[in-house]
Amino acid sequence: KRIAILISGGGSNMLRLVEDMQTLGYAAPVLVASNDPSAAGIAHAGRLGVPTAVIDHRLFGKDRAAFEAELLKPLLAAAPDVVCLAGFMRVLTPDFVRRFEGRMLNIHPSLLPKYPGLHTHQRALEAGDPEAGCTVHEVTPVLDDGPILGQARVPVAPDDSAESLAARVLVQEHRLYPAVLRRFVAGTRTRLDL
Ligand code: GRF
């Protein structure tokens with residue numbers, strides 16, 4: 001199976017996915033693309049021998065469709081079976097999502113359906129939640145809303161800040177995403193709870 005990964009920044013989730021595929025051989029990373037030219041993950045992916053592409057979304061202003069038309073060029077050329085969003089911070093249009101529906105995954109740093117969107121850790125702290133976590137789900141045209149493929153939970157500590165909670169959740173993201181991708185590639189659609 002051919003896996004393309006979209007990132008926007010450090011790409012720590014992308015790195016875990018690439019390392020997992022290269023170690024276990026169940027799939028091949030065929031492209032890592034970013035909307036941000038300064039994404040550190042692009043250099044890391046290149047060092048791991050993965051083809052990369054950068055499409056700077058700022059060159060397209062508010063024209064989301066034009067940005068996506070440009071992003072589609074390397075993405076379709078890579079002919080991925082699965083597209084993984086990993087720390088990808090651009091909202092994709094329904095038209096773009098529909099091209100990959102049923103084979104596009106995303107990792108979101110909350111226990112969906114709680115806290116779709118941004119600032120998830122701050123919101124969990126403000127709500128006084130005893131636990132938090134992350135979710136891997138299939139991407140559908142509605143933001144952070146598709147079928148859940150896996151979740152991992154962490155306790156919230158009384159003295160947690162958004163940063164300390166984010167760091168604890170990120171460790172679980174790095175466990176969850178590779179495990180869910182392996183299952184997804186094998187055809188398993190039942191959810192994994194870590
Ligand atoms: C992580 O907090 C992840 O939950 C969110 O983007 C952040 C950065 O991820 N999706 P990464 O290190 O770029 O994979």
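Among residues of the stretch 87-114 that are acidic (Asp, Glu), those with a Cβ under 9 angstrom from a residue that is within 14 Å of the ligand (Cβ to nearest atom), sequence gap 6+ or separate chain, pair up as 101/139.
Conditions (1) out of contact with any Phe, Trp or Tyr (no Cβ under 6 Å at 6 or more places or on another chain); (2) modelled with pLDDT of 95 or more; (3) of a type in the set (Gly, Ala, Ser), marked per residue:
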site	(1), (2), (3)
142	yes, no, no
150	yes, yes, yes
160	yes, yes, no
166	yes, yes, yes
177	yes, yes, no
187	yes, yes, yes
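Regarding residue 69, is this residue farther than 24 Å from residue 183 by Cβ, more than 16 Å from the ligand (Cβ to nearest atom), in contact with a Leu (Cβ under 8 Å, 6 or more places away or on another chain) and of a type outside the set (D, E, K, R)? In short, no.
Step by step: first the residues of the stretch 17-33, then only those that are out of contact with any strand residue (DSSP E or B) (no Cβ under 8 Å at 6 or more places or on another chain) and closer than 23 Å to residue 167 by Cβ, then the one that is surrounded by the fewest Cβ atoms within 10 Å (Cβ to Cβ). Which residue is that? Looking at residues that are out of contact with any strand residue (DSSP E or B) (no Cβ under 8 Å at 6 or more places or on another chain) and closer than 23 Å to residue 167 by Cβ, I get 19.
Restricting the stretch 17-47 to residues that are small (Gly, Ala, Ser), under 16 Å from the mean Cα position of the chain (by Cα) and in a helix (DSSP H, G or I), the residue that is farthest from the ligand (Cβ to nearest atom) is 45.
Those residues that are more than 20 Å from residue 32 (Cβ to Cβ) and either small (Gly, Ala, Ser) or surrounded by 13 or more Cβ atoms within 10 Å (Cβ to Cβ) (or both), I need them from the stretch 61-76; list them, please.
61, 64, 65, 66
Has the stretch 8-16 got any residue that is among the charged types (D, E, K, R), within 16 Å of residue 174 (Cβ to Cβ), surrounded by 14 or more Cβ atoms within 10 Å (Cβ to Cβ) and within 16 Å of the ligand (Cβ to nearest atom)? For the stretch 8-16, residues among the charged types (D, E, K, R), within 16 Å of residue 174 (Cβ to Cβ), surrounded by 14 or more Cβ atoms within 10 Å (Cβ to Cβ) and within 16 Å of the ligand (Cβ to nearest atom): present. No other residue among 29, 74 is in contact with a Ser or Thr (Cβ under 9 Å, 6 or more places away or on another chain), under 28 Å from residue 187 (Cα atoms) and in contact (Cβ under 8 Å) with a residue 12 or more places away in the chain apart from 74. Taking the criterion of being among the hydrophobic types (A, V, I, L, M, F, W, C), within 16 Å of the ligand (Cβ to nearest atom) and under 23 Å from residue 178 (Cβ atoms), the residues of the stretch 72-120 that qualify are 83, 84, 85, 86, 88, 89, 92, 104, 105, 107, 111, 112.
In a residue-by-residue description of the stretch 55-63, the property of being at pLDDT 95 or above, within 16 Å of the ligand (Cβ to nearest atom), closer than 30 Å to residue 167 by Cβ and among the acidic types (Asp, Glu) applies to no position. Among the candidates 132, 79, the residue that is over 25 Å from residue 18 (Cα atoms), of a type in the set (A, V, I, L, M, F, W, C) and over 12 Å from the mean Cα position of the chain (by Cα) is uniquely 132. When the stretch 110-132 is filtered for residues that are under 28 Å from residue 2 (Cα atoms) and surrounded by 22 or more Cβ atoms within 10 Å (Cβ to Cβ), only 110 remains.
The values are calculated or read from the model by the stated rules, or taken from the named source; none is laboratory data. Quick caveat, the model's predicted, so the values are computed rather than measured. Note: ideal-geometry Cβ built from the backbone for every residue, glycine included; neighbour counts use all protein chains shown.
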